[in-house]
1. What tally of residues in region 251-265 results from selecting those that are closer than 11 Å to Met71 by Cα and touching a Ser or Thr at 6+ places or on another chain (Cβ under 7 Å)?
2. Can you pull out the helices (runs of 4 or more DSSP H) entirely within region 1-117 that have at least 2 residues that are assigned by TED's automatic domain parsing to the domain that holds Ala171?
3. Return the pairs, sorted by first residue and then second, in which the second residue is surrounded by fewer than 20 Cβ atoms within 10 Å (Cβ to Cβ) and of a type in the set (Asp, Glu), the first residue lies in region 365-384 and is not assigned by TED's automatic domain parsing to the domain that holds Ser181 and part of a helix (DSSP H, G or I), the beta carbons are less than 7 Å apart, and the residues are 6+ apart or on different chains.
4. Got a sec? Which of Val328, Val351 is surrounded by 17 or more Cβ atoms within 10 Å (Cβ to Cβ) and free of Cβ contacts under 8 Å to residues at least 60 places away in the same chain?
5. Within the bounds of region 47-70, is there any residue that is within 30 Å of Val144 (Cα to Cα), under 27 Å from the mean Cα position of the chain (by Cα) and crowded, with 19+ Cβ neighbours inside 10 Å?
6. Within region 127-154, how many residues are assigned to a loop (DSSP other than H, G, I, E, B) and on the phi < 0 side of the Ramachandran plot?
7. Among the residues in region 376-388, are any of a type in the set (Ser, Thr, Tyr) and surrounded by fewer than 14 Cβ atoms within 10 Å (Cβ to Cβ)?
8. Do we have any residue at all in region 279-299 that's closer than 30 Å to Leu31 by Cβ and in contact (Cβ under 8 Å) with a residue 12 or more places away in the chain?
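The values are calculated or read from the model by the stated rules, or taken from the named source; none is laboratory data. Treat the numbers as computed from the prediction; the structure is a model and nothing was measured. With ideal geometry, Cβ positions are generated from the backbone for all residues, glycine too; neighbour counts draw on all protein chains shown.
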Amino acid sequence: MTATMNTPRTPLPPSRLPKVGTTIFTVMSALATEHGAVNLGQGFPDFAGDPALLDAVNQAMREGLNQYPPMAGVPVLREAVSAKIEALYGRRYDAGSEITITAGATQAIFTAILAVVGPGDEVIVLEPNYDSYVPNIELAGGTVVRVPLMAETFRPDFDGIAAAITPRTRAILVNSPHNPSATIWRAADMDRLAEILRPTDVLLISDEVYEHMVFDGERHASASANAELAARAFVVSSFGKTFHVTGWKIATVAAPAPLTHEFRKVHQFNVFTVNTPMQHGLARYLANPAPYVELPAFYQRKRDLFRAGLAGTRFRLLPSEGSYFQVVDYSAISDLGEADFCRWLTTEIGVAAIPLSAFYDDGRNQGLARFCYAKKDETLQAALGRLSRL
């Protein structure tokens with residue numbers, strides 16, 4: 001009898017996500033490591049968070065705050081989040097029934113979708129979009145309805161959004177500041193969306209993880225600041241993005257009590273609760289608003305440094321209004337498709353980027369690539385030195 005005949009068979013059920021493989025982010029990061037490239041692809045900082053925040057978490061640990069917290073989150077942190085939203089956007093969420101602490105923004109978005117989307121429901125997604133949205137909807141049994149943002153400008157196509165709404169539409173996902181395009185929605189855009197949704201029961205999932213990275217004197221237009229939208233919205237924010245600790249995976253969801261009630265039904269079974277000492281540390285750290293109030297200037301300086309360094313290249317720079325991304329048009333440099341160009345850039349020039357095609361279902365090629373400038377100045381200077389060859 002051969003060894004093969006003795007090997008037990010592994011049953012393989014039908015894949016829940018048959019179209020999903022290894023993400024471009026994993027591929028490009030591995031390629032960057034292999035070739036010693038400066039990695040400006042994946043969106044995370046290469047610098048540390050504030051020592052004061054680390055100290056606050058360490059203190060909470062040493063105080064014995066290490067057991068399960070309440071399912072919805074530590075009350076003192078939810079109170080701090082509620083006060084922060086009210087100070088910034090003028091809406092008071094009840095900390096007990098309308099604020100939930102989550103294990104990162106990706107979990108928050110997935111839980112919101114699972115809470116309200118079922119088989120046969122449609123969810124509008126604006127392309128290009130963050131890569132978790134579509135699999136989340138499909139896992140919930142929903143149908144994805146894609147509405148492209150406007151070509152070149154990446155502004156919302158409100159006529160397209162209105163035309164996409166049907167009696168089966170359950171929700172729309174909006175992301176501002178936007179990943180990957182680095183554009184922002186303004187208050188007038190939120191007003192227009194509210195007008196479109198007014199006669200419907202369509203819910204809003206507003207991904208606002210880059211809310212404190214809005215530049216050039218603009219203000220972040222939160223769904224929380226629009227009474228009509230806030231009444232139908234899950235508003236997602238991220239401590240990881242705001243405080244340079246993406247690996248902590250802690251975020252918040254603010255939503256009206258009836259929506260929060262449904263959200264927590266799912267949250268308690270797919271996560272239950274979130275790291276206790278980090279919640280207490282964040283609550284103490286939020287007593288000082290300076291770290292998030294000063295964040296736009298911090299990242300605008302990095303944006304300006306990076307853009308100035310690219311000015312001498314053949315890249316055409318698209319606006320970077322918010323987030324920590326810069327999209328470039330490379331059509332004057334190469335006629336390669338986006339994925340091939342980013343591989344070439346990584347292996348031959350030594351700088352990793354992400355093709356914008358990765359954020360579209362059809363993988364369309366527009367000659368665009370995305371850089372992340374949430375990096376130390378020396379990292380950016382090293383990348384710019386290499387990119388100056390272009």
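1. Result for region 251-265: 1.
2. 51-62, 75-89, 95-98, 105-116
3. Thr379/Asp46
4. Just a single option satisfies the conditions, and that option is Val328.
5. Within region 47-70, the subset within 30 Å of Val144 (Cα to Cα) is none.
So far as region 47-70 goes, no, none of its residues is within 30 Å of Val144 (Cα to Cα), under 27 Å from the mean Cα position of the chain (by Cα) and crowded, with 19+ Cβ neighbours inside 10 Å.
6. Matching residues across region 127-154 total 11.
7. Yes: region 376-388 contains one or more residues that are of a type in the set (Ser, Thr, Tyr) and surrounded by fewer than 14 Cβ atoms within 10 Å (Cβ to Cβ).
8. Yes - at least one qualifying residue is present in region 279-299.
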